[in-house]
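So the structure is just underneath, and the comments pick up after that.
Here, each number is a calculation from the coordinates, and none is a lab measurement. Everything numeric in this text was worked out from a predicted model, so none of it was measured. Cβ: placed from backbone, ideal geometry, glycine included. Neighbour counts: every protein chain shown.
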Amino acid sequence: MKLNELNIAEAYEGLRKKEFSSVELTKAYLDRIKKTDEKIKSFITITEDVALEQAKQADKRISKNEESELLGIPCSIKDVINTKGILTTAASNILNNHISSYDATLILMLKKQGMVMLGKVNCDAFAHGASTENSDFFISHNPWDTERVPGGSSGGSSSSVSSGQCMYSIGTDTGGSIRQPAAFCGLIGLKPTYGRISRYGLISMTSSTDCPSIMAKNVMDAAIILEKIAGIDKKDSTTSNNKVDNYKEFLKDENIKDLKIGIPKEYFIKELNDDIKEAVQSAIKKIESLGAKIVEISLPHTKYAVPTYYIITPCEVSSNLARFDGIRYGFSANETGKVKNLLDVYTKSRGNGFGSEAKRRIMLGTYALSSGYYDAYYLKAQKVRALIIQDFKDAFENVDLMLAPTTPNVAFKIGEHSDNPLEMYMEDIFLSAVSLAGLPAISIPCGFAKPKDGEKNMPIGMQIIGKPFDEKNIFKLANVYEKNTKWNKCSVFHTKC
Ligand code: GLN
């Protein structure tokens, strides 16, 4: 098998047996990036020198028999995560020259493990979107069919992992941004419980739902990564001191007979594509045949999740983006020499620096928070959010996990929704509720479908949703399903399945 097709566990073996070094592995990935990125367009910044130096250091540590599974493994990082001394743009023009002055906590944790960072990957600007079409720089392409989007906002993460440009990627999921691109590219996307991984060093979007998240090739890899970057951080008071489980050990248990799985009926609506419905239903049957108990459940407020999310998110976005004023970070109209006074610096920096989606969210959020409208919009949305959370609490009294489709459709064509923000928002229909409730969820491949407007088979994802901090049972079910189906063996390298 070629180096670019390895998963973390296989690379760990190869590195320890001295079949190849981390420098060789890293060069193979850099080479692949050079050969494919003109077409795929995952990377905003390629950090070749950093990667090769990190790989060299990793080889030294490996020769001293250090054990970490991530030691010397090449990855990509979404460009909303601060990486000291390296360009960090959030895919936005307003940060097009912003060099991070510090590392996010999760980056420090990965460095300790001996990460090899190949570069910073594209996303929708400030993570607002579901396709990377809102990136201020360029659109990333789906390696399964380059006329289609790789999903978003972590679309550079999904395109880089699925095209063999890196072994895993760290992105963020605020309202679906890791699960949806994972589904579109046939990958594992894990959004952990809110507070499981520190948000310190993320460029904030919606602080009450932002979650650093993991894009990987298989369940075991995702479990390995989570174990290394989860945990309490004194720099993020919303992190939890809940114990971080030894997920890898837990995955050895493949008995799912004790698991009771709820199927929320509100997720099987008429808008759901027939092929996806069929794929998820056959996955449910498979899981039942493997011993788990399946029951139908109801989450009655599901239909309010997208409207609620799209009130709360712009509100938080409008305040989080207030810090980009042309003075403190990034692009400043002051440097153009065409400003009259301070107000002019603010308005021209923001006016020219933000793209249309960021502006849309700033305006919607400022309106919904303004005096006279606050009660009608923001407060009302928070009340509905409480009902959505209660739905999950009630349902989880009777089940251990839930299973649902990740998206209503497979990856859509570039340009298909880009003129219609509402259509784009509806792509989040199965994702927003989980984010509002802060729950952990994984998207895992469960089949393929040929879109009506295309010739190529595109991957389908399904979502396993868990109780707060119960990532271990999500991994367990996902792992058993993965091992008993063929979907994990399919990749852009092996499409005949
Ligand atoms: N599609 C959602 C949005 O545009 C999700 C974004 C995210 O999770 N970062 O808000």
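When Rg and the Kirkwood radius Rh are both evaluated on Cα atoms of the stretch 302-378, their ratio Rg/Rh stands at 1.09. Within the chain, the longest run free of exposed loop sites, counting GluC sites (Glu not before Pro) that sit outside DSSP helix and strand states (H, G, I, E, B) and have at most 10 other Cβ atoms within 10 Å, spans 68-270. Excluding same-chain neighbours fewer than eight residues apart, the aspartates and glutamates reachable from Lys56 by a Cα-Cα span under 20 Å are Glu10, Glu13, Glu19, Glu24, Asp31, Glu48, Glu66, Glu67, Glu69. Restricting the calculation to Cα atoms, every distinct pair contributes to the Kirkwood radius of the stretch 51-198, found to be 15.5 Å.
Spin-label pair His494-Glu24: with each label point 7 Å from Cα along the Cα-Cβ axis, the two points sit 2.2 nm from one another. Using the alpha-carbon positions of the stretch 360-456, Rg (one decimal) and Dmax (whole number) come out as 17.4, 52 Å. Charge tally around His417: other residues with Cβ under 10 Å, Lys/Arg +1 each, Asp/Glu -1 each, net -4.
Give the Rg/Rh ratio for the stretch 278-332, taking Rg as the radius of gyration of the Cα atoms and Rh as the Kirkwood radius, to two decimals. That ratio is 1.38, to two decimals. Of Val339, Gln382, Ser356, which is farthest towards the positive pole of the stretch 321-385's charge dipole, taken about the Cα centre with +1 and -1 on the beta-carbons of Lys, Arg and Asp, Glu respectively? Working it through, the farthest residue towards the positive pole turns out to be Gln382. Counting every pair of alpha carbons in the stretch 134-276, the share spaced more than 21 Å apart comes to 52 percent. Determine, at each q value in 0.15, 0.17, 0.24, 0.30 (inverse angstroms), the log₁₀ of I(q)/I(0) that the Debye formula gives when each Cα of the stretch 10-52 is one equal point scatterer. Log10 I(q)/I(0), no solvent term: -0.44, -0.54, -0.84, -1.01.
What net charge do the residues around Ala55 carry, taking every other residue with its C-beta under 12 Å from that of Ala55, with Lys and Arg at +1 and Asp and Glu at -1? Once all neighbours under 12 Å are counted, the net charge is -1. A simple spin-label model places the labels of Ser371 and Glu48 5.8 nm from each other, with each point 7 Å out along Cα-to-Cβ. For a paramagnetic label modelled on Lys483 (point 7 Å from Cα along Cα→Cβ), amide N atoms under 20 Å away belong, within the stretch 250-287, to 250-261, 283-287. Extending 7 Å from Cα along the Cβ direction at Ser207 and again at Ile389 yields two label points whose distance is 1.6 nm.
Translational diffusion coefficient of the chain (Stokes-Einstein, Kirkwood radius from Cα pairs, 20 °C, 1.002 mPa s): 95 µm²/s. Shown is the FRET efficiency for Lys248 and Glu296, computed with R0 = 22 Å from the Cβ-Cβ distance and rounded to the nearest 0.05: 0.10.
Give the residues of the stretch 137-160 whose amide nitrogen is closer than 18 Å to a point set 7 Å from the Cα of Asn96 in the direction of its Cβ. So the set is 137-140. When the C-alpha to C-alpha distance is required to be over 30 Å, the pairs from Lys17/Lys293; Lys285/Lys383; Lys64/Lys234; Lys17/Lys111; Lys78/Lys265 that qualify are Lys17/Lys293; Lys285/Lys383; Lys64/Lys234; Lys78/Lys265.
Our note on the geometry: Cα centres of the stretch 369-395 and the stretch 233-271, 25 Å apart.
FRET efficiency for the Lys64 to Ile232 pair, using the beta carbon distance and R₀ = 25 Å, is estimated at 0.30.
For Tyr329, no residue whose modelled amide H falls within less than 5 Å of its own remains once neighbours fewer than 5 places apart on the same chain are excluded. For the pair Lys380 and Lys340, a Förster radius of 35 Å applied to the C-beta separation gives a FRET efficiency near 0.30, rounded to the nearest 0.05.
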